[in-house]
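One structure is given below, encoded as C-alpha cells.
The values are calculated or read from the model by the stated rules, or taken from the named source; none is laboratory data. This structure is a prediction, so every number in the text was calculated from the model and none was measured. Neighbour counts run over all protein chains shown; Cβ positions are idealised from the backbone, glycine included. What goes into the accessible areas is simple: the full protein's heavy atoms, side chains included, and nothing from ligands, DNA or RNA. Shrake-Rupley method; radii C 1.70, N 1.55, O 1.52, S 1.80 Å.
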Amino acid sequence: MPITVTSPLLPDLKEFNELLTQVWDSKWITNNGSFHKQLEAALCEYLKVPYVSLFTNGTLPLLTALQALRITGEVITTPYSFVATTHSIWWNGCRPVFVDIDPATGNIAPDCIEAAITPKTTAIMPVHVYGKPCDTKRIQEIADKYGLKVIYDAAHAFGVEVNGESILNAGDLSTLSFHATKVYNTIEGGAMVMHDAEMKKRIDYLKNFGFANEVEVVGPGINSKMDEVRSAYGLLNLKQVDAAIEARHQVAIRYREALRGVEGITFFDDMPGVRHNYSYFPIFVDAEQFGRTRDELYFKMKENGVLGRRYFYPLISEFSTYRGLPSADPANLPKAHRMADSVICLPMHHALAPEDIELTLSIILH
Ligand SMILES: Cc1ncc(COP(=O)(O)O)c(C=O)c1O
C-alpha cells in the first residue's frame, strides 16, 4: 500500500447510518434542511465566526464572493496556490494580477501588493497557504488605503487562530474547502464566512440561483448548495477534528525533530500565537546543499511508495490560461518560483502510522 500525502477523516459508519436514517425518514435531502442548518450553527461555534454559509465545494464560494462584492477589473493574487484561486477571478471576467510571495510563509508579500495596484484594481485575493496566516493587518491597511475589497481563500485554514481569534474573520469574506483531502472534510464541500446577517442573506440567495423567495430572483445566482447527506457527515466529522489536528501536530513534531539541521532541507516552524491546523508539511530542497534535486528526492520517494506531492508546482502563473499575462513573467515572481521549484509536501494526516513516518524520513536522510 502506498503512503499517500493525505487520508480522509471519515466519520463512524454506524453513527452516520443513524443520521442517514433521519434524512431518509424526513425525505428532505437538500435545500437548507435540518442538518444543513445544524452544521452552519456548529461551524460558527467551532470556528469562532459570526456567520457561515455552506457550499457544495470550495471553488464556488470563491466565485460567489467575487460576484457578491461585484468585483471588476483587476484582482491582485498569489501564484503560489491551487489553481482554483485564480480560476475564480477569471470566471468572473476579471484580470488576475500575480505578485510575489514572502518566503517566510509562502503567502502573498504585502509590499508587492502595493506596487501592483493600478486604477483598475478593485480587490485582493490572498491565500493562507498551507494554513499559515497571511499578514492580515498589513493587507487590510493597504486595502483601506486604496479602497479595495479583500477576499481570503482560506481553503487550507480550517480552525486556524491568531492570538485566540479566527483567521477567518479577516478581510471582507473568507472561503473554505471541505474537500476529502482537507483537515476537515464533507467529502466535497466548502463554506463562506462573513461578518453580518445582510451578507449572509445575500450569499444564501446567490448559492440558490438568486432566489429570495418563490417568485423573486435578486441576482445572477448559481447552484452551490450543500445537501443533507454531506451536512450530516460534516456534523459527525466536526466531533473528531480536534483529535485529528492533534494527531497531525504529533507528525509535524516528529518530522521537525528528524529533519532539523539536515543540510539543504528547510521547513516551517510554528508561528508564535498561532493555533495551526497542520494541514500540510512542506519541505524545501536546496539541491546544491542537499546533494540531490527536489525531483530526484520526489521520485525516490515515489519509487519507495511514498507519495509526497509538489504543492504548489507549477505556479498558477505558468498554466496556459495565465502565462501570457504581464504579471506572470517569472522575473516578477522570483521567490514564488524558488519555492515552487523546491517544495515537496510530505505525507501528513491524522492516521499516519509511525513506520510510515520513519520510512518517509529514511528516504530523505539516506
Ligand atoms: C487554496 C485552494 N483554493 C481552493 C480550492 C478548491 O476547493 P475545492 O476542491 O473544494 O473546490 C482548494 C482545494 O481543493 C485549494 O487548495
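Being open to solvent by 30 Å² or more (accessible area, probe 1.4 Å), modelled with pLDDT of 95 or more and among the small types (Gly, Ala, Ser): is that true of ALA340 here?
In short, no.
Within the stretch 73-87, track down each residue that is more than 9 Å from the ligand (Cβ to nearest atom) and buried (at least 24 other Cβ atoms within 10 Å of the Cβ).
Of everything in the stretch 73-87, those that are more than 9 Å from the ligand (Cβ to nearest atom) and buried (at least 24 other Cβ atoms within 10 Å of the Cβ) turn out to be VAL75, ILE76, THR77, THR78, PRO79, TYR80, THR86.
Go through the stretch 100-193 and tell me which strands (runs of 3 or more DSSP E), entirely inside it, have 3 or more residues that are among the aliphatic types (A, V, I, L, M) and open to solvent by less than 50 Å² (accessible area, probe 1.4 Å).
121-125
Just for the stretch 33-65: of the residues that are out of contact with any strand residue (DSSP E or B) (no Cβ under 8 Å at 6 or more places or on another chain) and of a type in the set (S, T, N, Q), which one is farthest from VAL229 (Cα to Cα)?
Applying the filter and picking the extreme gives GLN38.
In the stretch 208-244, what residues are in a helix (DSSP H, G or I) and open to solvent by 10 Å² or more (accessible area, probe 1.4 Å)?
Once the filter is applied, which keeps residues that are in a helix (DSSP H, G or I) and open to solvent by 10 Å² or more (accessible area, probe 1.4 Å), the stretch 208-244 yields VAL229, ARG230, TYR233, LEU235, LEU236, LEU238, LYS239, GLN240, ASP242, ALA243.
Per-residue answers, yes or no, for (1) assigned to a strand (DSSP E or B); (2) farther than 14 Å from SER342 by Cβ:
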{"residue": "ILE253", "(1), (2)": "no, yes"}
{"residue": "ALA258", "(1), (2)": "no, yes"}
{"residue": "ASP270", "(1), (2)": "no, yes"}
{"residue": "ASN277", "(1), (2)": "no, yes"}
{"residue": "ILE283", "(1), (2)": "yes, no"}
{"residue": "GLN289", "(1), (2)": "no, no"}
{"residue": "ARG292", "(1), (2)": "no, no"}
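Looking at the stretch 249-267, which of the residues that are free of Cβ contacts under 8 Å to residues at least 40 places away in the same chain and in contact with a strand residue (DSSP E or B) (Cβ under 9 Å, 6 or more places away or on another chain) is surrounded by the fewest Cβ atoms within 10 Å (Cβ to Cβ)?
Looking at the filtered set, the residue picked out is ARG260.
Considering the stretch 311-326 alone, what residues qualify as being under 13 Å from VAL99 (Cβ atoms), in a helix (DSSP H, G or I) and within 23 Å of the chain's Cα centre (by Cα)?
Pass one, the stretch 311-326, residues under 13 Å from VAL99 (Cβ atoms): 315-317, 325-326.
Adding the requirement that they be in a helix (DSSP H, G or I) leaves 316-317, 326.
Residues satisfying the conditions are ILE316, SER317.
Output the number of the condition that ALA65 fails; it satisfies all remaining conditions of (1) out of contact with any Pro (no Cβ under 8 Å at 6 or more places or on another chain); (2) within 19 Å of PRO334 (Cα to Cα); (3) within 16 Å of the ligand (Cβ to nearest atom).
With (1) out of contact with any Pro (no Cβ under 8 Å at 6 or more places or on another chain); (2) within 19 Å of PRO334 (Cα to Cα); (3) within 16 Å of the ligand (Cβ to nearest atom) applied to ALA65, the lone miss is (2).
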